[in-house]
1. Sum up the lysine pairs in the range 56-117 that clear both bars: alpha-carbon distance under 20 Å and a spacing of 8 or more or different chains.
2. For the range 69-134, what is Rg from Cα atoms divided by 2.2 N^0.38 Å, rounded to two decimals?
3. Please report, for the Cα atoms of the range 336-412, the Rg to one decimal and the Dmax as a whole number; what are they, in angstrom?
4. Normalise the Debye intensity by I(0) for the chain, one equal point scatterer per Cα, no solvent, then take log10 at q = 0.11 Å⁻¹ and round to two decimals.
5. Could you tell me the accessible area of residue 135 in Å² (1.4 Å probe, neighbours in place), rounded to the nearest ten?
6. With each run of n ≥ 4 DSSP H residues scored as -39500 (n - 2.57), what mean residue ellipticity at 222 nm is computed for the chain after dividing by its residue count and rounding to the nearest 500 deg cm²/dmol?
7. Would you please state the base-10 log of I(q)/I(0) at q = 0.19, 0.22 1/Å for the range 347-481, with intensities from the Debye formula using one equal scatterer on every alpha carbon?
8. Tell me the Kirkwood radius of the range 244-361: reciprocal of the mean inverse pair distance over distinct alpha-carbon atoms, in Å.
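The values are calculated or read from the model by the stated rules, or taken from the named source; none is laboratory data. Nothing here was measured: the structure is a model prediction, and the numbers come from that model. Cβ placement follows ideal geometry from the backbone for every residue including glycine, while neighbour counts extend to all protein chains displayed. The accessibility values were calculated without ligands, DNA or RNA, using every heavy atom of the protein model including side chains. Shrake-Rupley method; radii C 1.70, N 1.55, O 1.52, S 1.80 Å.
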Amino acid sequence: MAAVNGVGLSWPSKLTKTKTPKWGFSPSHRRCNPSSSSAATIRMTASVDEKKKTFTLEKSEEAFSKAKELMPGGVNSPVRAFKSVGGQPIIIDSVKGSRMRDIDGNEYIDYVGSWGPAIIGHADDEVLAALAETMKKGTSFGAPCLLENTLAEMVISAVPSIEMVRFVNSGTEACMGVLRLARAFTCRPKIIKFEGCYHGHADPFLVKAGSGVATLGLPDSPGVPKAATVDTLTAPYNDISAVESLFEEHKGEIAAVILEPVVGNAGFIPPKLEFLAAIRKITKENDALLIFDEVMTGFRLAYGGAQEYFGITPDLTTLGKIIGGGLPVGAYGGRRDIMEMVAPAGPMYQAGTLSGNPLAMTAGIHTLKRLQGQGTYEHLDKITGELTQGILDAGKKTGHAMCGGSIRGMFGFFFADGPVYNFSDAKKSDTEKFGRFYRGMLEEGVYFAPSQFEAGFTSLAHTPEDIQRTIAAAEKVLKQI
């Protein structure tokens, strides 16, 4: 068993060929996994200056200045603008494997992975070849295709809660659909979400949200009428007593509880041992539905997602990112009796022009095939654990208060003593220091998410050398700041 240090919690692994969780949002002077010595085996001699050319973002600066005249803030998704970390946003030219290259010719080891989809590495040759063949037949049909059946069968066989699935075009769309479905099935109006959890930018979810809302320090969003959020109830993550109080106060009114089983949009925050099981119990007792938003964690923590990893089965699940292999995609699915309410099988309407398009289905199919390979999640567990522990050890060595942890291919760290159990804890992090660290790591050729409040991701393409270089770079930058 692996424990969350300072909390004394542990999760028994229910997988036959996988390892127990490496958690721990504890201070950096405590190991995330005291029984693991893997981080000590990392050679710290890798030179981060090897073949390093002069770092410049001149072309990126010129392109971004022009972009600001054309698009709000110069970007099409707010976190990309670097507002919380300062400095010049980089404009990417190409990606391959674990690397990104910007238009100035700088190369980076990438730990964003297009915000999660690139779990087998960027621009995978097998996926690209499959896409090339599919494109010969067309890019969008607006009609059923056999590829939808194939990916649906793969998702249903993998994810414990899903008996039927509906494909859409984004995680936001998936969460919009699943919310409407939960309300339609239960004939109840209210939902519970957790502070710092992000379920897309639909009006009912923009209440104490994470991701870019947290990054930019926005309390909520203008343009969202009170009527759209009056039935959205919120509680601190990992606080079951708060959830019990909401159910007591709103008896018979709560349709569902929706949560990220591992928070990724307020930084990386794992659940306490008893939390998910307690939420499952209280939803059943109150005839409410439990929804896991696995847009991030699906196929990343285990092939069957966080619900397989933790052994907790929700009623409904949202997916995205990985199941599209880098193309726009989303999905929601769950129990057959609930999903049969979705039109045209039932009265709950939802539709999409590009839903189930052959390109996204193809990329998803071939990505999931690769994830079925032997040792996939063991590799992710090993390299991610070494990376996270190496950064925390570098923080301790250089005198910085840091805490962090990882599970399989997902990780995070905060510039705070910790432990971090919820968004309030996360907000105690020194975001100014994170900004200095972030900019320093860019110059050393390492690309993290440009926000303290976003999780990081590894891939099958990351090598031990990538990890060594990143840890060495982190120690160098931490000494400088």
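1. Working: 59/68; 59/83; 66/83; 68/83.
Lysine pairs meeting both conditions in the range 56-117 amount to 4.
2. On the way: Rg = 14.0 Å, N = 66, 2.2 N^0.38 = 10.8 Å.
With N residues counted in the range 69-134, Rg over 2.2 N^0.38 Å equals 1.30.
3. Just the Cα atoms of the range 336-412 yield Rg and Dmax of 21.0, 60 Å.
4. Evaluating at q = 0.11 Å⁻¹ gives log10 I(q)/I(0) of -0.89.
5. Answer for residue 135: close to 100 Å² accessible.
6. Details: 15 runs with 162 residues, N = 481.
That comes out to -10000 deg cm²/dmol.
7. -1.06, -1.29
8. Details: mean 1/r = 0.0639 Å⁻¹.
Kirkwood radius, the range 244-361: 15.7 Å.
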